[in-house]
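Notes follow the structure.
The values are calculated or read from the model by the stated rules, or taken from the named source; none is laboratory data. Bear in mind the structure is a predicted one, so any value in this text is a computation, not a measurement. Backbone-built Cβ (ideal geometry, glycine too); neighbour counts: all protein chains shown.
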Amino acid sequence: MIDFELSDSQKNIREMVRWFAREEVRPLALESDKAHTVPLEFLKKSMQLGLGSGTRPKALGGDGEGAGEERDAKGTKQGNRVSIILGEEIAWGDPAVVLTFPGPGLGGPPVQFTGTAEQKSRAFGIFKNDGVPRWGAYALTEPAAGSDVAGIQATARKDGNHYILNGRKCYITNGARATWNVVFATVDKSQGRAGHRAFLVFKGTPGFSVGKIEDKLGLRASETAELVFEDCKVHVDDLLGGEEHYDKGAKGGFTTAMKTFDSTRPMVAAMAVGIARAAYDVVHDHIRENYLLSRPIARYHVLAELIANMERKIAAARLMCWRAAWMADEGIPNSKEASMSKAYAAQVASWVCQEAIGLMGHLGTYHANLVEKLYRDVKVYDIFEGTGQVQRIVISRRLLKGL
Amino acid sequence: MISFEPSDDEKEILKTVERFAEVEVRATMRDIEAAGRPPEELRRKYHEMGLGMLNYPETVGGSGMGQVTRALIEEALSFGDPGAAIGLDGPGLAGLAILELGEGAHDERYLAPFAGPDAHLRTAALALLEPKPVADWCSLATHARETAAGYLLDGAKSFVVNGADADFYVVFASFDPAKGWDGLAAFVVEKGTPGVTVTEPILTCGLNGVPIVDLTLDGVVVPKAARLSGRGDFAGGFRRFLARARVVNAARIVGLSRAACEYAIRYAEERTAFGKPIGHHQGLSWMIADIATEVDAARWMVWKAAWEVDHARPSAERASIQALVQANEMAKKVTNDGVQVLGGAGFIRDYPVEKWYRDARTLAFVLGTDPMDNSRAATLTFTSDGESPLDSLSCV
Ligand SMILES: Cc1cc2nc3c(=O)[nH]c(=O)nc-3n(C[C@H](O)[C@H](O)[C@H](O)COP(=O)(O)OP(=O)(O)OC[C@H]3O[C@@H](n4cnc5c(N)ncnc54)[C@H](O)[C@@H]3O)c2cc1C
């Protein structure tokens, strides 16, 4: 039955997170952007409040057991829907702070999907309710391979009970402070995707070090790191999913990377919707205060059309996210829809932020104005988790035979 | 006869300016950004090259060149860095206001020093915009009142570009919003005038290579002679000033966008993914074709508007708005796609595209907001003589 109503419990969670985003996260937005660091004190405080309570905040996909596991009374999975509803809310509060929340982060889904029971308990077991923030991270991108995931150069060489990792990862969110990273490497470049392996690499493993922390256009409260692996020795027990996983389907490692996207892309898209809504709210108030029914008539119409288009596109983007998440919950293959939501929402959010500044003019460019920050933050939503172009490749390949 | 070929003189100047922009400005744009203004040495060189007073009359020591030449040069400089292009331009948009609204004595007192010794140390700044958006130019909240001593000014101005320690500001204020154009005026407020408070440079999204400040005017008294009355036609002078200022600003927007576009093209040739240069994938090659096209379209609109200004065409005002809107629309797309072409690297400050992305959306508002420009263009579309049936009462 088609239904666009949130369940009562979803509404409750949304209200709570909306409150949290407004009262706790938003006041931090400008300050943490300026500080250019992860707001640790805030994170500890919110963990004490029971939000993100030692595990991953609900808004980032669940309770430390990874995304998609929550079920409603009838046993239907709800996790993806819950995640994106909350992702939008927290990103509305601040799109950078949301990425700093403790928890497995983007590392959660691959562990959830392919990790062995033992690996899951080791990886997720670190997220305790002890007030100490801990992170997981996802390290796929390399200096020479981003969109072209199959082209990763980092190598894994088997040596007895260990794998020896060599290579570099870049732009890894929370990678430097993570207790563990899910690191992708290849055992044999000639095998292409079939040679990919994913490893759980714990902080402090000899041969693993952190390179530079990036100075970025936006998302400045979030830490983006370069990771370096020099003869880094990881035990075979840390091969995600164990050897069997790579024996059965030839492309086990690559599939892990791709499957992750089916749930993370709608999530990232939902955050973009949150950003767009945040920018929309600012300009909406600005128009109401300054321009409502004002002359010149032509400008009144320009503004009216702009704000109406913003609202409409945001609503459409949200529905794209909901649909992709609904499919994930229902177990329906959703790669195309996940990519559609991501490509569309990122584009809408970029456009809204651009126009929001345009509408506020010079006032919108001041650092004291939230839209200035959102304009800088939003750009990357069309880049990470697959660029807009990569999403279009995914979509069109599923629409056009033989592409 | 239609031609897109710069004159020999222009080509000559352009060659020098392009070199200067490339070697001296572009190469140091991150330093200029960090310092918040172009260094004195750079300003000296700029003046030695004779760029300071290019389109001012020879009577005040200028070179008497037109708006077209100015547009070419501003574009080239802004290709180097838009903040620097503004920071190096001593009289700035304030100078253009004096040019259109002042009289002989103003020119002598305020413009001529920019051609004199130590001209490179002098700056002037336009104080037009305010902390609250205005319905139209005539309803500026900054208030002027005539007194026995001169004029009394009260109010606040924001986004005063290159205003950190200007020798003077050209402040726009309203006597009486109900009087339309006749209620509006401009005043020169000299450095050190009591009652003027200048903030520290403000952190803005982009355009950080030039200091941008806010002003408050609290019981500021200026002499009668400080008023720029447009030689009897304030509305006409103000609109001509805006037309010139828009052309300069739009040319700068084209310059920085061209920089972003060219950088993206080079990057797309060098970076590979899926076994070939990323620019060879149609998703990017089409995008690149689009942005290169957009840059050109805006560029020709700017040249045409400059030409209309030079020829005092009645449609120059509308052409200038169209050029500015076209340039801003183009810059939004081009600088956004410029970041996109670099992927993750585009988001990192080690690469220049993120800067152009910020600069484009800051430079856009030196003379107002997007909807203001758009609606002004719409309003003018209905008129040939400047009076719109839509809003004949508004000073748009
Ligand atoms: C703030 C931030 C956080 C990040 N966090 C993480 C993280 O936690 N973990 C992680 O692994 N990665 C992370 N990344 C990396 C991100 O996922 C990559 O930057 C992204 O996938 C793009 O890869 P790239 O940067 O190598 O760009 P490239 O792949 O070099 O792409 C450059 C351009 O070429 C285009 N392009 C490439 N191939 C094609 C094609 N076939 N057709 C058309 N166009 C094409 C792209 O769309 C893009 O416009 C992060 C990046 C940033 C900026």
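Every residue, every condition in (1) within 14 Å of A:Ala279 (Cα to Cα); (2) crowded, with 20+ Cβ neighbours inside 10 Å; (3) in contact (Cβ under 8 Å) with a residue 60 or more places away in the chain, yes or no:
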residue: A:Leu303; (1), (2), (3): no, yes, no
residue: A:Ala338; (1), (2), (3): no, yes, yes
residue: A:Tyr344; (1), (2), (3): no, yes, yes
residue: A:Val352; (1), (2), (3): yes, yes, yes
residue: A:Gly358; (1), (2), (3): yes, yes, no
residue: A:Thr365; (1), (2), (3): yes, yes, no
residue: A:Val390; (1), (2), (3): no, yes, yes
residue: A:Ile395; (1), (2), (3): no, no, no
residue: A:Leu403; (1), (2), (3): no, no, no
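Annotation: of all residues in the stretch B:342-358 being of a type outside the set (Phe, Trp, Tyr) and not in a helix (DSSP H, G or I), the one that is nearest to A:Gly386 (Cα to Cα) is B:Ile348. Summed over the stretch A:282-301, residues that are without any contact (Cβ under 8 Å) to a residue 24 or more places away in the chain and in a helix (DSSP H, G or I) total 10.
Would you confirm, using the coordinates I've provided, whether A:Ala185 is within 16 Å of the ligand (Cβ to nearest atom), in a loop (DSSP other than H, G, I, E, B) and aliphatic (A, V, I, L, M)? So A:Ala185 does not fit the description; no. Among the residues of the stretch B:244-252, not a single one is within 14 Å of chain A (Cβ to nearest Cβ) and within 16 Å of the ligand (Cβ to nearest atom). Of all the criteria given as (1) within 29 Å of B:Val366 (Cα to Cα); (2) acidic (Asp, Glu); (3) within 16 Å of the ligand (Cβ to nearest atom); (4) away from chain A (no Cβ under 14 Å), the one not satisfied by B:Asp290 is (4).
Of the residues examined, A:Thr37 is one that is under 23 Å from A:Glu385 (Cα atoms) and either surrounded by fewer than 24 Cβ atoms within 10 Å (Cβ to Cβ) or modelled with pLDDT of 95 or more (or both). Considering only residues of the stretch A:147-169 that are within 12 Å of chain B (Cβ to nearest Cβ) and surrounded by fewer than 24 Cβ atoms within 10 Å (Cβ to Cβ), which is nearest to the ligand (Cβ to nearest atom)? Looking at the filtered set, the residue picked out is A:Ser147.
Note on the stretch A:364-403: residues that are farther than 30 Å from B:Val366 by Cβ and more than 12 Å from the ligand (Cβ to nearest atom) amount to 6.
The single condition among (1) buried (at least 23 other Cβ atoms within 10 Å of the Cβ); (2) at pLDDT 95 or above that B:His143 does not satisfy is (1). Pick from the stretch A:391-402 the residues that are basic (Lys, Arg) and farther than 13 Å from B:Met287 by Cβ: which of them is farthest from the other protein chains (Cβ to nearest Cβ)? In this case the residue turns out to be A:Lys401.
Candidates A:Ala328, A:Ala257, A:Ala279: the one that is away from chain B (no Cβ under 14 Å) and surrounded by 24 or more Cβ atoms within 10 Å (Cβ to Cβ) is A:Ala328. Output the residue which, of all residues in the stretch A:381-390 that are at the interface with another protein chain (Cβ under 10 Å from one of its Cβ atoms) and either in a helix (DSSP H, G or I) or more than 15 Å from the chain's Cα centre (by Cα) (or both), is farthest from B:Leu284 (Cα to Cα). Across the stretch A:381-390, the extreme among qualifying residues is A:Asp382. Of the residues making up the stretch B:111-132, those that are within 14 Å of another protein chain (Cβ to nearest Cβ) and surrounded by 23 or more Cβ atoms within 10 Å (Cβ to Cβ) are B:Ala125, B:Leu126, B:Ala127, B:Leu128, B:Leu129. The residue of the stretch B:77-98 that is surrounded by the most Cβ atoms within 10 Å (Cβ to Cβ), among those that are out of contact with any helix residue (DSSP H, G or I) (no Cβ under 7 Å at 6 or more places or on another chain) and in a helix (DSSP H, G or I), is B:Ala94.
Do we have A:Glu372 as more than 9 Å from chain B (Cβ to nearest Cβ) and either in contact with a Ser or Thr (Cβ under 6 Å, 6 or more places away or on another chain) or surrounded by fewer than 24 Cβ atoms within 10 Å (Cβ to Cβ) (or both) here? The answer is no for A:Glu372.
For the stretch A:200-213, the count of residues that are among the charged types (D, E, K, R) and in contact with an Asp or Glu (Cβ under 6 Å, 6 or more places away or on another chain) is at least one.
Evaluating A:Gly218 against the criteria (1) surrounded by fewer than 22 Cβ atoms within 10 Å (Cβ to Cβ); (2) within 11 Å of the ligand (Cβ to nearest atom) leaves one unmet condition, (1). Which condition number does A:Ser190 fail, the rest of (1) touching a strand residue (DSSP E or B) at 6+ places or on another chain (Cβ under 7 Å); (2) of a type in the set (Ser, Thr, Tyr); (3) more than 16 Å from the ligand (Cβ to nearest atom) being met? Here A:Ser190 meets the rest and fails (1). Residue count for the stretch B:315-357 under the criterion of being in contact with a Leu (Cβ under 7 Å, 6 or more places away or on another chain), more than 7 Å from chain A (Cβ to nearest Cβ) and either within 16 Å of the ligand (Cβ to nearest atom) or at positive phi (or both): the result is 4. When B:Pro133, B:Pro117 are checked against the criterion of being in a loop (DSSP other than H, G, I, E, B) and farther than 26 Å from B:Pro39 by Cα, a single residue qualifies: B:Pro133. Quick one: count up the residues across the stretch A:124-142 that are within 16 Å of the ligand (Cβ to nearest atom) and outside any loop (DSSP other than H, G, I, E, B). Result for the stretch A:124-142: 6. Within the stretch A:188-218, the set of residues being assigned to a strand (DSSP E or B) and touching a Phe, Trp or Tyr at 6+ places or on another chain (Cβ under 9 Å) comprises A:His196, A:Arg197, A:Ala198, A:Phe199, A:Leu200, A:Val201, A:Phe202, A:Phe208, A:Ser209, A:Lys216.
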